[in-house]
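Visitor: What follows is a single structure, and I will ask about it in a moment.
The values are calculated or read from the model by the stated rules, or taken from the named source; none is laboratory data. None of the values given here were measured: they were computed from a predicted structure. All Cβ positions, glycine included, derive from the backbone under ideal geometry; neighbour counts span all protein chains shown.
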């Protein structure tokens, strides 16, 4: 079945460590997105990519990095520079072939900094 | 301040009651999306509205977009415990003639349905 997978579901990190969250899609979608969700704040865009080997910063990119070496994959690295990384992270993808296509979301990764 | 404002922030209703969630923008919405989320899970797409005055229904959920395309409402008829969750509205942003696919989201409305 087509869809988006994220791993791991839960992640614990010590302060000062970098961690990488995985996001894979087999929907053949051009665009992929990373969001951060905090209680009562909805979703905030971290990074997005419309094509392989290209990506743009979203509203809260500081302390995060991404890569898009393959169409199917869009990993997110949370670096030690991110001051408050504990949050729920959601990956999404969408087709750019059809205007206003909806975004499809993965199940999310909950990151906790110890 | 939020570009998309949702109201109410939370809602508790008795099973069988109707309810409405609103999503308001100060800017014209080119596309308005409604999603549902169970706590700790991903978002599930419900409906997308594009034209002013448009209305769509799926089972007991109806979404409307006003004529000015700045406000949308989500109405649930005869609520059930399965309707409980977080409802989020998202709006499409367009840059010139190309669609980046980017969405901005409201802060979400948490719905509890009491049996």
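Visitor: Looking only at residues in segment A:17-56 that are under 22 Å from residue B:106 (Cα atoms) and more than 12 Å from the chain's Cα centre (by Cα), which one is modelled with the lowest pLDDT?
Guide: A:40
Visitor: Within segment A:5-16, how many residues are in contact with a strand residue (DSSP E or B) (Cβ under 9 Å, 6 or more places away or on another chain), modelled with pLDDT under 95 and exposed (fewer than 13 other Cβ atoms within 10 Å of the Cβ)?
Guide: 2
Visitor: Does residue B:82 satisfy the criteria of being surrounded by fewer than 21 Cβ atoms within 10 Å (Cβ to Cβ), assigned to a strand (DSSP E or B) and modelled with pLDDT of 90 or more? If you could, list the steps in order and put the result at the bottom.
Guide: Details: surrounded by fewer than 21 Cβ atoms within 10 Å (Cβ to Cβ): yes; assigned to a strand (DSSP E or B): no; modelled with pLDDT of 90 or more: yes.
So residue B:82 does not fit the description; no.
Table: residues versus (1) in contact with a helix residue (DSSP H, G or I) (Cβ under 9 Å, 6 or more places away or on another chain); (2) farther than 27 Å from residue A:55 by Cα.
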{"position": "B:54", "(1), (2)": "no, yes"}
{"position": "B:61", "(1), (2)": "yes, yes"}
{"position": "B:104", "(1), (2)": "no, no"}
{"position": "B:114", "(1), (2)": "yes, yes"}
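Visitor: Right, something else. Please determine whether any residue of segment B:88-99 is over 17 Å from residue B:26 (Cβ atoms), assigned to a strand (DSSP E or B), at the interface with chain A (Cβ under 10 Å from one of its Cβ atoms) and modelled with pLDDT under 90.
Guide: yes
Residue by residue, here is whether (1) closer than 30 Å to residue B:11 by Cα; (2) more than 9 Å from chain B (Cβ to nearest Cβ); (3) part of a strand (DSSP E or B) holds:
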{"site": "A:17", "(1), (2), (3)": "no, yes, no"}
{"site": "A:24", "(1), (2), (3)": "no, yes, yes"}
{"site": "A:28", "(1), (2), (3)": "no, yes, no"}
{"site": "A:41", "(1), (2), (3)": "yes, no, no"}
{"site": "A:49", "(1), (2), (3)": "no, yes, yes"}
{"site": "A:59", "(1), (2), (3)": "yes, no, no"}
{"site": "A:68", "(1), (2), (3)": "no, yes, no"}
{"site": "A:80", "(1), (2), (3)": "no, yes, no"}
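Visitor: Mind listing whichever residues of segment B:4-26 are out of contact with any strand residue (DSSP E or B) (no Cβ under 8 Å at 6 or more places or on another chain) and within 22 Å of residue B:92 (Cα to Cα)? If you could, list the steps in order and put the result at the bottom.
Guide: Within segment B:4-26, the first condition is being out of contact with any strand residue (DSSP E or B) (no Cβ under 8 Å at 6 or more places or on another chain), and the residues that meet it are B:16-17, B:26.
Across segment B:4-26, the qualifying residue is only B:26.
Visitor: In this structure, is residue B:40 assigned to a loop (DSSP other than H, G, I, E, B) and without any contact (Cβ under 8 Å) to a residue 12 or more places away in the chain? Let's see the steps before the verdict.
Guide: Values: assigned to a loop (DSSP other than H, G, I, E, B): yes; without any contact (Cβ under 8 Å) to a residue 12 or more places away in the chain: yes.
In short, yes.
Visitor: From A:67, A:93, A:101, A:73, which residue is crowded, with 21+ Cβ neighbours inside 10 Å and touching a strand residue (DSSP E or B) at 6+ places or on another chain (Cβ under 8 Å)?
Guide: Details: A:67 fails: crowded, with 21+ Cβ neighbours inside 10 Å; A:101 fails: crowded, with 21+ Cβ neighbours inside 10 Å; A:73 fails: crowded, with 21+ Cβ neighbours inside 10 Å.
When all the criteria are applied, what remains is A:93.
Visitor: Restricted to segment B:1-26, and to residues that are without any contact (Cβ under 8 Å) to a residue 60 or more places away in the chain and assigned to a loop (DSSP other than H, G, I, E, B), which residue is nearest to the other protein chains (Cβ to nearest Cβ)?
Guide: Here is the first cut: in segment B:1-26, the ones without any contact (Cβ under 8 Å) to a residue 60 or more places away in the chain are B:1, B:20, B:22, B:24, B:26.
The next check asks that each one be assigned to a loop (DSSP other than H, G, I, E, B); those that pass are B:1, B:26.
Values: B:1: 12, B:26: 16 Å.
Step by step, filter segment B:1-26, then rank; the result is B:1.
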